[in-house]
Number of protein chains: 2
Amino acid sequence: MQPAATPREVRESIRRGQWVKPTSGLAPAFAQANLVILDRSLAFEFLLFCVRNPKPCPVLEVLEPGGFEPRITAPGADIRTDVPLYRVWKRGELHAETPEISAHWDGDMVSFLLGCSFSFESALLASGIPIRNIEEGRNVSMYITNRPCIPAGRFSAPLVVSMRPIPDDLVVRAVQVTSRYASVHGAPVHIGDGSALGIEDLDSPDFGDPVTIHKGETPVFWACGVTSSLAALSGRPELCITHSPGHMFITDSPNESWAAI
Amino acid sequence: MQPAATPREVRESIRRGQWVKPTSGLAPAFAQANLVILDRSLAFEFLLFCVRNPKPCPVLEVLEPGGFEPRITAPGADIRTDVPLYRVWKRGELHAETPEISAHWDGDMVSFLLGCSFSFESALLASGIPIRNIEEGRNVSMYITNRPCIPAGRFSAPLVVSMRPIPDDLVVRAVQVTSRYASVHGAPVHIGDGSALGIEDLDSPDFGDPVTIHKGETPVFWACGVTSSLAALSGRPELCITHSPGHMFITDSPNESWAAI
């Protein structure tokens with residue numbers, strides 16, 4: 001992939017099956033999205049869950065039932081082929097992992113695109129704030145917390161957070177930078193001791209990889225889009241399709257277009 | 001009504017039928033809300049309309065089907081009795097105006113509470129920015145524009161805006177102050193000549209009252225919650241209930257809790 005590839009070029013490469021890998025670092029100026037696909041009969045309750053829990057589940061776009069083109073955030077794209085890797089879930093259990101879902105598609109499916117913390121990572125880097133998981137070439141560390149989201153209908157989930165160790169003298173700046181991105185997770189939900197969130201061991205994340213925390217660094221926790229996958233599966237829907245972790249949908253919306261101010 | 005009455009006290013007074021008047025100025029530190037009530041069969045499409053058009057239709061809370069207590073923004077309140085005056089619409093036509101709607105209630109109704117510009121008016125005043133409609137004791141001027149909202153299912157509407165004349169040297173400050181309130185209409189949608197929005201005559205608003213525009217003042221336009229009523233009625237639903245203009249639902253959520261930063 002060319003470093004300067006546009007979102008459209010990246011999606012075309014993915015559609016042709018030439019990129020079945022995580023999307024971190026691709027088209028870095030553009031918002032990437034978590035994907036959840038559910039039957040229309042569940043769409044109101046799931047959208048309500050997202051609206052009630054905007055920090056972990058910020059809505060970028062919701063498609064009409066049966067719609068597969070995200071006309072607002074990625075005109076011309078196809079939600080069925082333009083994600084590198086999907087997970088197909090039946091009654092809450094993993095059924096398949098596949099690079100395209102056309103065979104599973106039907107006209108009653110509603111696709112939800114939800115914001116991803118990649119959008120504020122480039123802003124943190126631009127402010128001189130190091131991101132350990134990028135430095136170490138790992139996936140960000142994610143943890144299931146003891147904080148329940150507000151349920152909606154049959155959907156519920158604990159808040160899932162991502163953690164980045166931040167040098168002590170840059171913690172305030174990290175809060176300021178990410179506060180601008182209220183539409184894509186926004187400000188941290190917690191700073192410091194993970195036990196306040198019920199996290200026992202930072203070296204054992206529930207998702208992603210552990211990263212090194214140096215002396216003089218503070219763990220900072222942000223709401224994480226994985227919450228939306230847990231919520232979708234909590235309803236044990238007959239069929240649910242999500243992206244595979246790290247394999248996001250890349251939109252044409254610049255990250256900056258989601259900044260509050 | 002005592003000037004320092006709490007939202008709960010104001011709602012109790014309204015519930016007892018002692019306040020059948022507009023709510024402007026009541027419990028001014030707390031968010032007031034537009035109300036739209038629709039059948040659950042329309043709830044996904046209408047919530048999608050709001051999510052796609054967050055500037056005119058910022059969602060404060062959506063209740064479960066049949067639910068009448070806004071547990072998130074006003075625990076203990078009753079959506080059926082705590083608005084001073086309601087409008088009952090059948091197939092898009094006004095059927096009745098009434099101070100309580102218990103007789104119309106059924107277990108399939110979904111209530112939407114949407115943000116109101118009263119939330120940023122107190123912030124404007126606190127920054128020394130005069131608000132003409134308050135000075136003149138009138139309702140704010142509102143106009144139907146030539147800008148379409150993004151439709152969702154059977155719901156569509158033109159963007160409706162409210163207009164406040166702002167002294168030229170305070171226009172930048174007005175943008176800054178209201179930008180903080182991204183969850184309740186936020187920054188202006190337009191500054192200056194109303195004809196860019198298709199507004200022919202500022203002295204003839206489509207809703208509310210005209211106000212005086214002095215020399216040295218610029219008209220500033222913000223997205224307006226009346227958009228949500230037009231959208232709800234555009235679907236010509238069998239039954240739709242809204243608040244009467246200016247007669248809002250008063251929540252327990254401080255205006256400041258809706259500020260982005």
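Eigenvalues of the Cα gyration tensor times 5, then square-rooted: what semi-axes does that give for chain B, in whole angstrom, largest first?
28, 21, 16
I'd like to know which of B:PHE44, A:ALA174, A:ALA31 lies farthest towards the positive end of the charge dipole of the protein assembly as shown, counting +1 on Cβ of Lys and Arg and -1 on Cβ of Asp and Glu.
Most positive-ward Cα: B:PHE44.
Grab the beta carbon distance between B:ASP209 and A:GLN176, set R0 = 45 Å, and tell me the FRET efficiency rounded to 0.05.
Rounded to the nearest 0.05, the efficiency is 0.65.
Kindly provide the helix-only [θ] at 222 nm of chain B, computed as the sum of -39,500 (n - 2.57) over DSSP H runs of four or more divided by all residues, to the nearest 500 deg cm²/dmol?
-5000 deg cm²/dmol
Using only the alpha carbons of the stretch B:108-156, determine the length spanned along each of the three principal axes and report them from longest to shortest in whole angstroms.
On the principal axes, the stretch B:108-156 reaches 42, 30, 19 Å in Cα extent.
Do any residues of the stretch A:16-51 lose at least 30 Å² of accessible area when the full set of protein chains is present rather than just their chain alone, and if so which, with a 1.4 Å probe?
Going by heavy-atom accessible area, the residues of the stretch A:16-51 that drop by at least 30 Å² are A:PHE44, A:LEU47, A:LEU48, A:VAL51.
Can you figure out the FRET efficiency of A:GLU9 with B:SER257, using R₀ = 45 Å and their beta-carbon distance, to the nearest 0.05?
0.60
Looking at the P(r) of the stretch B:4-134, how many percent of alpha-carbon pairs lie beyond 26 Å?
Result: 25 percent of Cα pairs exceed 26 Å.
Mind listing the Cα extents of the protein assembly as shown along all three principal axes, in Å, largest one first?
Principal extents (largest minus smallest coordinate, Cα): 62, 48, 45 Å.
Normalised radius of gyration for the stretch B:213-261, please: alpha carbon Rg relative to 2.2 N^0.38 Å, two decimal places.
So the Cα radius of gyration is 1.66 times the expected 2.2 N^0.38 Å.
Enter the mean number of other protein chain beta carbons within 10 Å of the beta carbon of each residue in B:182-188, as an integer.
Neighbouring Cβ atoms belonging to other protein chains average 2 per residue here.
Of all the C-alpha pairs in the stretch B:196-239, what % are more than 14 Å from each other?
65 percent
Go through the stretch A:67-79 residue by residue and turn each phi into a ³J(HN,Hα) via Karplus (6.51, -1.76, 1.60, θ = phi - 60°); whole Hz please, and just put x for glycine and proline.
Going residue by residue, I get x, 10, 9, x, 5, 8, 9, 7, x, x, 6, 10, 5 Hz, with x marking Gly and Pro.
Could you check the simple spin-label distance between A:GLU136 and B:VAL20, using points 7 Å along Cα→Cβ, in nm with one decimal?
A separation of 6.7 nm, rounded to one decimal place.
Leaving out ligands, DNA and RNA, calculate the buried accessible area for the pair B and A with a 1.4 Å probe, summed over both sides, in Å² to the nearest 100.
1700 Å²
For the stretch A:197-261, give the magnitude of the charge dipole about the Cα centre (Cβ charges: +1 Lys/Arg, -1 Asp/Glu; no others), in debye to the nearest 20.
For this selection, approximately 140 debye.
Output, in nm with one decimal and in ascending order, the distances from the B:GLN176 label point to the matching label points of the other copies (7 Å from Cα along Cα-to-Cβ).
Those separations, rounded to one decimal, come out as 1.5 nm.
Taking Cβ-Cβ under 4.7 Å as the only way to count a partner, pick out the unpartnered cysteines of chain A.
A:CYS116, A:CYS149, A:CYS224, A:CYS240
State the percentage of accessible surface on the protein assembly as shown attributable to carbon and sulfur atoms; use a 1.4 Å probe and exclude ligands, DNA and RNA.
The nonpolar share, carbon plus sulfur, comes to 52 percent.
Of the options A:ALA4, B:SER102, A:ALA152, report the single residue whose Cα projects farthest towards the positive end of the charge dipole of the protein assembly as shown (beta-carbon charges: Lys, Arg +1; Asp, Glu -1).
Ranked along the dipole, the leading option is B:SER102.
Placing unit charges on C-beta atoms (Lys and Arg positive, Asp and Glu negative, everything else neutral), compute the dipole magnitude of the stretch A:74-129 about its Cα centre in debye, rounded to 20.
140 debye
Full-extension gain between B:TRP105 and B:ARG154, please, as 0.36 nm times their residue separation minus the C-alpha to C-alpha distance.
Difference between extended and current length: 15.3 nm.
By per-residue mean of other Cβ atoms within 10 Å, what is the highest-first order of B:184-195, A:244-255?
Per-residue mean Cβ counts within 10 Å order the peptides as A:244-255, B:184-195.
Could you give me the percent of Cα pairs per 10 Å distance bin for the stretch A:113-261, shortest bin first, beginning at zero and ending with the bin that holds the maximum distance?
Spelled out per bin, shortest first, that is 11, 40, 37, 11, 1.
Among the DSSP beta bridges whose two residues both lie in chain A, what percent are antiparallel, rounded to the nearest 5?
In chain A, approximately 100 percent of DSSP beta bridges are antiparallel ones.
How much net charge surrounds B:ILE129 when only the other residues with a Cβ under 15 Å from the Cβ of B:ILE129 are counted, with Lys and Arg +1 and Asp and Glu -1?
Taking every other residue near B:ILE129 into account, the sum is -1.
For the stretch A:153-230, take the convex hull of the Cα atoms, compute a quarter of its surface area, and give me that in nm², please.
Mean projected area of the Cα convex hull: 5.9 nm².
Heavy-atom accessible area per residue, the stretch A:134-261, 1.4 Å probe: how many Å²?
41 Å²
For the stretch B:207-214, in order, what is each residue's ³J(HN,Hα) by Karplus, 6.51 cos²θ - 1.76 cosθ + 1.60 with θ = phi - 60°, in whole Hz (x at glycine and Pro)?
9, x, 10, x, 10, 6, 10, 7
Of the options B:GLY194, B:LEU113, B:SER183, report the single residue whose Cα projects farthest towards the positive end of the charge dipole of the stretch B:97-247 (beta-carbon charges: Lys, Arg +1; Asp, Glu -1).
With unit charges placed on the Cβ atoms, the residue in question is B:SER183.
Taking the Cα centre of the stretch A:28-74 as origin, sum charge times position over the Cβ atoms of Lys and Arg (+1) and Asp and Glu (-1), and report the length of that vector in debye to the nearest 20.
180 debye
The values are calculated or read from the model by the stated rules, or taken from the named source; none is laboratory data. All values derive from a computational prediction rather than experimental measurement. Cβ coordinates were reconstructed from backbone atoms using ideal geometry, including for glycine residues, and neighbour counts include every protein chain displayed. We work out accessible area using only protein heavy atoms, side chains counted, and drop any ligands, DNA or RNA first. Shrake-Rupley method; radii C 1.70, N 1.55, O 1.52, S 1.80 Å.
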